[in-house]
Structure formats: structure tokens, C-alpha cells
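Participant: Structure provided below as C-alpha cells; questions to follow.
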Amino acid sequence: MNNYKKDFEVLATKNLAYLDSAAMALKPRCVVDAVDNYYNKYGCNVHRGVYELSYEATEMYESARGVIASFIGADEEEIIFTKGTTNSLNMIALSYGMDNIKEGDEIITSELEHHSSHMPWFNVAKRKNATLKYVELNEEGRITIQNFKKVLTNKTKIVALNYVSNVMGYITPIKEIIKLAHEVGAIVIVDAAQAIPHMKVDVKDLDCDFLAFSGHKICGPTGIGILYGKKNILNKMEPIEFGGDMADDVNKNYQTYKAIPYKFEAGTPNVAGVIGLKEAIKYVSNIGMDNIAKREYELKKLALDELLKLDNVIVHNKTSETGLIAFNIKGVHPHDAATIFDKNGVCIRAGHHCAQLITKWLDVVGTIRASFYFYNDEEDVKRFVDSVKETIEFFSQF
Ligand code: C6P
């Protein structure tokens, strides 16, 4: 066992090679304990109670905002708690998008997007008679600056792209894209669901207008995510949800809202989720994002080098910079392969990974995806490679 496996109860008690962290990262005990502690010792609401227990819970909850803000280089008021990346990205489209996009405007996205990055803007474009433009992917399936420039025009109002692809694991040259987009006055929304857990991200350095991620992919609880937005834009935006906690002054003929971020956080929040996410961020920060990036890349590379020796394996993302391998085994449906992996205790994902556009671009029914994280080790790599070989051998009989 490596040093980190022991922090995860599921890895300590079950004999698994967990290679599905791109779908969801496992939870270390410190995160589970923080959630447990809140429910056992507090269990009350935040922002509402005028008693000590609620003040303390509010302090635990609100201090998370500072931890998360400094983790991504934001100011506290720019951190909005949401349900996850999907919720964050939809909020931007439904609020900023529906209020600012007009007929004839252009929205740039790509075939490399997760549905949650692309579909909200497809919807806005349809409802507003705007044009959705796709950056042509290069021969490897990457978004390049050169191809981005070809679709950028003075009519571009929105650029909605991933920072790291959940299928190919490529890193988008997002900082340069943001600079170019700003030159024509467009705003950029970064889907960082697969970036935040795996590398250092600084929103001020990127100069992105919005950025979204989920807690569950960075060892945090499910049902909690973050929407970062520049405060000057957030201040001008309308909420999409109304109700408890976001209201300031409510009258029969007018209503006002609290300042950001609260105006976007209607209803009782996911207190346990926020507290758990704070702990998760402290945990990964302690390991170091650069160490995490290095470790998962090393493990991926070990596995990749073995796969490239196998004739029947088609790797789609040989040059990917992150810890993710997307591949197919000739003549074997990805789901059939997954059952053999499962028998061997190797957890991988097979299918379109909620990114049908890139699956169609690759011209396959789906891919097999192995995603490595810092808690994996060389033994996991071996079990994975052995399972690929077994799958090839098993299906060669038919
Ligand atoms: N991708 C995967 O297995 P949510 O579900 O809201 O936490 O995250 C959505 C999302 C958005 N963008 C990217 C790049 C993503 O990878 C994901 C989630 C998982 O690839 C589950 S489909």
C-alpha cells in the first residue's frame, strides 16, 4: 500500500484497483469524519439561528469559503456554493446567458465538451437565435489556439470550454484562449471539473470570467460544487433561484437581494457538503497539487507504455498530459471489457462518459477510460494491464 491508500477506508477494506476517479474521487477518512462531526455534534442550520450551536456551525461553514477561495486564487465573495459543476454551468447559462445573449450573437464551444458544458449553451443559442460555433479539433482531438482563432469573431459573446477533457485528458490552452476572447469582448466560462482535482488552478492568473467544479471529484462529498465568477459580473447578474436566505427586503411590490455570493444561494445550503469539501481541499493541498499531477501522470505513463505494446489496443489520447487513458480493444464492446475488469476488481468507466460529441468524433460506440489519482500505485497499474491482456485473450476465442 502506498502512503495514501491507507487514508481511504474503501481501499483499506476492499481489494480494488480504483481507476475511475474522473467519475468520482474516493473520500479520505478526514472528509468523512468532518461530515460526521457536523451531523453528530451540530446538525443545525446556518445563517439563521441566534444560538451558539448555530453560530458555531455557521463559522465552520463560512470558513470553507475562504479555504476554497485561496485554493483557486479567488476572493471569498466570488465563491458560490452550488450542487456541482452541472448546476454551476447551468446557472451561468440561465442567468448571464439568457439576459445577455441576443439574436445573431455567437457562442463558441467544442466537440470535446462534457454535456454539462455544451448543452446549456445549445439551449441558450436555440432560445435566443444565437449561433453555436465549434472549435475544430485537431487530428489528435485537441482544441488548439490556431483553430480557436478561426471561429473567434467580433460577434463572439461567450466561450464555453473545458480546461481538461474528461474523455481525452488533454489540457486546453485556456489562458491564451481567454486572452484572445477578451480582445473581442467575449466572456469565458471554464469547465474545470477535471482540472481542479488534478493540477494547480489560479483564476486570477487565468483571468477567466467564470469557472466551475465539483466537490466529489476532489475527494469531497457529493452534491456540492463551486461556481467562481468575477465580482463585477456577478454583481450585475440576476439570480435564477429565489427564496430563503438570499432575500434582503421583501415587500408586496418590490424585493431586493443580499449581496454576492448569497444572492445566488437560495434555500438551506448543503452544510455538510461544504464542510466536507473544505476538509478535502485541505487534504489535497497538504499533498500538493504538483505532486498529485506528477504522480498520476507517472502511473498513467507506466500503464500507457504497456498498452502501446499490445496490437489489439487502440489508444485515443497517447499524448495526454494528465492521468487518463481512453482506449478501445479491437472487436470488443467497451461494456463487455468492463465486465472482465470488474471480475478482477479493477474499476474503470466504459461508454460515452456524458460526452457524446467526442465519442462520435472518435467514431466509436464508446471508450474504456482508466483514470489515475494520487492514491493509486504500481500494483493497480499491473492489475489494470493484466485485465486488458485477459480481455484480449478471452474475446479472441469468439
Ligand atoms: N464527469 C465523468 O465520469 P457533475 O456531474 O456536475 O459533478 O460534473 C459534470 C462534469 C462536467 N464537466 C466535466 C469535464 C466532467 O468530467 C463532468 C463529470 C464525470 O467523466 C461524470 S459524467
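The values are calculated or read from the model by the stated rules, or taken from the named source; none is laboratory data. Predicted, not measured: the structure shown is a model, and the values here were computed from it. Cβ: placed from backbone, ideal geometry, glycine included. Neighbour counts: every protein chain shown. To get the accessible areas, we keep the full protein, side chains included, count just its heavy atoms, and leave off ligands, DNA and RNA. Shrake-Rupley method; radii C 1.70, N 1.55, O 1.52, S 1.80 Å.
Participant: Just to confirm my filter: which strands (runs of 3 or more DSSP E) fall fully inside segment 78-143 and include at least 3 residues that are of a type in the set (S, T, N, Q)?
Facilitator: Per the criteria, no element qualifies.
Participant: While we're here: Checking the condition acidic (Asp, Glu) and in contact with a Pro (Cβ under 6 Å, 6 or more places away or on another chain), which residue from 52, 77, 9 passes? Show your work before the answer.
Facilitator: On the way: 52 fails: in contact with a Pro (Cβ under 6 Å, 6 or more places away or on another chain); 9 fails: in contact with a Pro (Cβ under 6 Å, 6 or more places away or on another chain).
Residue meeting the stated conditions: 77.
Participant: Does segment 134-157 contain any residue that is more than 11 Å from the ligand (Cβ to nearest atom), closer than 19 Å to residue 92 by Cβ, touching a residue at least 40 places away in the same chain (Cβ under 8 Å) and of a type in the set (Lys, Arg)?
Facilitator: Within segment 134-157 (the criterion being more than 11 Å from the ligand (Cβ to nearest atom), closer than 19 Å to residue 92 by Cβ, touching a residue at least 40 places away in the same chain (Cβ under 8 Å) and of a type in the set (Lys, Arg)), the answer is yes, since at least one residue qualifies.
Participant: Right, something else. Can you confirm whether segment 37-48 contains a residue that is more than 16 Å from the ligand (Cβ to nearest atom), open to solvent by 60 Å² or more (accessible area, probe 1.4 Å) and among the β-branched types (Val, Ile, Thr)?
Facilitator: Keep residues of segment 37-48 that are more than 16 Å from the ligand (Cβ to nearest atom), which gives 37-48.
Cutting the leftovers down to open to solvent by 60 Å² or more (accessible area, probe 1.4 Å) gives us 39-41, 47-48.
Then keep just the ones that are among the β-branched types (Val, Ile, Thr); that gives none.
No, that holds for no residue.
Participant: Against the condition closer than 14 Å to residue 20 by Cα and not in a loop (DSSP other than H, G, I, E, B), how does residue 341 come out, does it pass? Before the answer, list the steps.
Facilitator: Details: closer than 14 Å to residue 20 by Cα: yes; not in a loop (DSSP other than H, G, I, E, B): yes.
In short, yes.
Participant: For segment 9-42, name all the residues that are in a loop (DSSP other than H, G, I, E, B) and under 21 Å from the mean Cα position of the chain (by Cα).
Facilitator: Passing the criteria: 19, 21, 22, 23, 24, 25, 26, 27, 28.
Participant: Take the conditions open to solvent by less than 10 Å² (accessible area, probe 1.4 Å), touching a Ser or Thr at 6+ places or on another chain (Cβ under 7 Å) and either within 19 Å of residue 237 (Cβ to Cβ) or not β-branched (Val, Ile, Thr) (or both) and apply them to residue 112. Does it pass?
Facilitator: For residue 112, the condition - open to solvent by less than 10 Å² (accessible area, probe 1.4 Å), touching a Ser or Thr at 6+ places or on another chain (Cβ under 7 Å) and either within 19 Å of residue 237 (Cβ to Cβ) or not β-branched (Val, Ile, Thr) (or both) - is met.
Participant: Residues that are under 30 Å from residue 284 (Cα atoms), within 16 Å of the ligand (Cβ to nearest atom) and surrounded by fewer than 21 Cβ atoms within 10 Å (Cβ to Cβ): does segment 123-130 have at least one? Before you say what the answer is, go through the steps one by one.
Facilitator: Going residue by residue through segment 123-130, those that are under 30 Å from residue 284 (Cα atoms) are none.
No: segment 123-130 contains no residue that is under 30 Å from residue 284 (Cα atoms), within 16 Å of the ligand (Cβ to nearest atom) and surrounded by fewer than 21 Cβ atoms within 10 Å (Cβ to Cβ).
Participant: Same structure again: Would you check which residues across segment 359-398 are polar (S, T, N, Q), in a helix (DSSP H, G or I) and within 22 Å of residue 25 (Cβ to Cβ) and list them? It would help to see each step written out before you state the result.
Facilitator: First, pick out the residues of segment 359-398 that are polar (S, T, N, Q): 359, 367, 371, 376, 387, 391, 396-397.
With in a helix (DSSP H, G or I) added as a condition, the list becomes 359, 387, 391.
387 - this is the single residue of segment 359-398 that is polar (S, T, N, Q), in a helix (DSSP H, G or I) and within 22 Å of residue 25 (Cβ to Cβ).
Participant: Here's another thing I want to ask about it. Going through 327, 374 one at a time, which residue ends up being open to solvent by less than 20 Å² (accessible area, probe 1.4 Å) and either away from the ligand (no atom under 16 Å from the Cβ) or over 26 Å from residue 195 (Cα atoms) (or both)?
Facilitator: The conditions single out 374.
Participant: May I pose another question? Filter segment 210-246 for residues that are part of a helix (DSSP H, G or I) and more than 26 Å from residue 283 (Cβ to Cβ); which is most open to solvent (accessible area, probe 1.4 Å)?
Facilitator: Start the filter on segment 210-246 by keeping residues that are part of a helix (DSSP H, G or I), which leaves 216-218, 231-236.
Narrowing further to those that are more than 26 Å from residue 283 (Cβ to Cβ): 231-236.
Details: 231: 67, 232: 90, 233: 23, 234: 0, 235: 92, 236: 164 Å².
If we take residues in segment 210-246 being part of a helix (DSSP H, G or I) and more than 26 Å from residue 283 (Cβ to Cβ), then 236 is most open to solvent (accessible area, probe 1.4 Å).
Residue-wise test of (1) out of contact with any strand residue (DSSP E or B) (no Cβ under 6 Å at 6 or more places or on another chain); (2) not acidic (Asp, Glu).
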residue	(1), (2)
197	yes, yes
200	yes, yes
204	yes, yes
207	yes, no
212	no, yes
223	yes, yes
229	no, yes
248	no, no
253	yes, yes
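Participant: Go through segment 294-322 and give me each residue that's hydrophobic (A, V, I, L, M, F, W, C) and either in contact with a Leu (Cβ under 8 Å, 6 or more places away or on another chain) or within 14 Å of residue 378 (Cα to Cα) (or both). Talk me through it step by step, then tell me what you get.
Facilitator: Just the residues of segment 294-322 that are hydrophobic (A, V, I, L, M, F, W, C), to begin with: 299, 302-304, 307-308, 310, 313-315.
Across segment 294-322, the qualifying residues are 299, 302, 303, 304, 313, 315.
Participant: Go through segment 58-108 and count every residue that is closer than 18 Å to residue 225 by Cβ, of a type in the set (Val, Ile, Thr), away from the ligand (no atom under 14 Å from the Cβ) and open to solvent by less than 10 Å² (accessible area, probe 1.4 Å).
Facilitator: Total meeting the criteria: 4.
Participant: Let me ask something else about it. In segment 336-371, what residues are of a type in the set (Lys, Arg) and crowded, with 17+ Cβ neighbours inside 10 Å?
Facilitator: To start, the set of residues in segment 336-371 that are of a type in the set (Lys, Arg) comprises 343, 349, 360, 369.
Selection gives 349, 369.
Participant: So, one more: So residue 317 passes all but one of these: (1) outside any loop (DSSP other than H, G, I, E, B); (2) crowded, with 16+ Cβ neighbours inside 10 Å. Which condition number does it fail?
Facilitator: Among (1) outside any loop (DSSP other than H, G, I, E, B); (2) crowded, with 16+ Cβ neighbours inside 10 Å, the lone unmet condition for residue 317 is (1).
Participant: Kindly establish whether residue 340 is in contact with an Asp or Glu (Cβ under 9 Å, 6 or more places away or on another chain), away from the ligand (no atom under 16 Å from the Cβ) and not basic (Lys, Arg). Lay out the reasoning, then the answer.
Facilitator: Numbers: in contact with an Asp or Glu (Cβ under 9 Å, 6 or more places away or on another chain): yes; away from the ligand (no atom under 16 Å from the Cβ): yes; not basic (Lys, Arg): yes.
When the stated conditions are applied, residue 340 passes them.
Participant: Kindly check whether there is at least one residue in segment 221-242 that is within 16 Å of the ligand (Cβ to nearest atom) and either without any contact (Cβ under 8 Å) to a residue 24 or more places away in the chain or among the small types (Gly, Ala, Ser) (or both).
Facilitator: Checking segment 221-242: at least one residue is within 16 Å of the ligand (Cβ to nearest atom) and either without any contact (Cβ under 8 Å) to a residue 24 or more places away in the chain or among the small types (Gly, Ala, Ser) (or both).
Participant: Identify all residues within segment 159-187 that are part of a strand (DSSP E or B) and within 15 Å of the ligand (Cβ to nearest atom); write none if there are none. Full working, then the answer.
Facilitator: First, the residues of segment 159-187 that are part of a strand (DSSP E or B): 159-162, 164, 171, 187.
Once the filter is applied, which keeps residues that are part of a strand (DSSP E or B) and within 15 Å of the ligand (Cβ to nearest atom), segment 159-187 yields 160, 161, 162, 164, 171.
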